1. Within segment 151-158, does at least one residue satisfy the condition of being closer than 18 Å to VAL21 by Cβ and among the hydroxyl-bearing types (Ser, Thr, Tyr)?
2. Filter segment 41-69 for residues that are without any contact (Cβ under 8 Å) to a residue 24 or more places away in the chain and of a type in the set (Val, Ile, Thr) and give the result.
3. So in segment 91-126, with the set limited to residues that are modelled with pLDDT of 95 or more and in contact with a Leu (Cβ under 6 Å, 6 or more places away or on another chain), which one is farthest from ASP63 (Cα to Cα)?
4. Go through (1) part of a loop (DSSP other than H, G, I, E, B); (2) within 14 Å of ILE53 (Cβ to Cβ); (3) not hydroxyl-bearing (Ser, Thr, Tyr) and name the single condition ASP101 misses.
5. Which of (1) closer than 22 Å to SER67 by Cα; (2) outside any helix (DSSP H, G or I); (3) of a type in the set (D, E, K, R) is the odd one out, the single condition ASP148 does not satisfy?
6. Checking the structure you have, find out if any residue of segment 44-51 is within 17 Å of the chain's Cα centre (by Cα) and farther than 19 Å from GLY20 by Cβ.
7. Hey, could you check segment 79-138 for residues that are without any contact (Cβ under 8 Å) to a residue 12 or more places away in the chain and among the acidic types (Asp, Glu) and say which is surrounded by the fewest Cβ atoms within 10 Å (Cβ to Cβ)?
Amino acid sequence: MINNSRIIGIDPGTGILGFGVIDISSKGDLNMVDAGVIRTPVNQADSDRLFTIYQELAEIINDTKPSIMSVEKLFFAQNVTNAMSVSQARGVVLLLGKQADMELFEYTPLQIKQALTGYGRATKAQIQEMVRVILKLKQIPEPDDCADALAAAICHSMNMR
């Protein structure tokens, strides 16, 4: 079936970047290794915020040693300023993935929702509940960015099958 793999999922953001690391056992079972968020102060210069993301995510990658990175693709209809900022954070994330010699995969929110629920228009609450159920967690991971990052990792694990 699937060789043992470790996937880090990323929900990119500049103010809050979500991450979630999961293991896939040889039987295909998914287990959460680590999950959380990296926060940066709103009043900080973009360069400082990006450097914080770089340093903290590099440490997480070094500690957890994933071989695969699954990143949520951006989808912004209106807020160009926010899109630019998040794009910069995504660039830092992708750079770190390459530096760590990981396989990189990107999924749209629609693809992630489809993989977890079978429905591309699932609500945030439905996605969070599926993350909880799939990973056999007692409660939904918080904040939302953390659950979204785990969802990106789970999405890739399902595409590996």
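1. yes
2. Within segment 41-69, just THR52 meets the criteria.
3. Within segment 91-126, the match that is farthest from ASP63 (Cα to Cα) is VAL92.
4. (2)
5. Of everything listed in (1) closer than 22 Å to SER67 by Cα; (2) outside any helix (DSSP H, G or I); (3) of a type in the set (D, E, K, R), ASP148 misses just condition (2).
6. Checking segment 44-51: at least one residue is within 17 Å of the chain's Cα centre (by Cα) and farther than 19 Å from GLY20 by Cβ.
7. Out of the qualifying residues, it is ASP101.
The values are calculated or read from the model by the stated rules, or taken from the named source; none is laboratory data. Keep in mind the model is a prediction, meaning the values are calculated, not measured. Don't worry about glycine lacking a Cβ; one is built from the backbone with ideal geometry, like all the others, and counts go over all protein chains shown.
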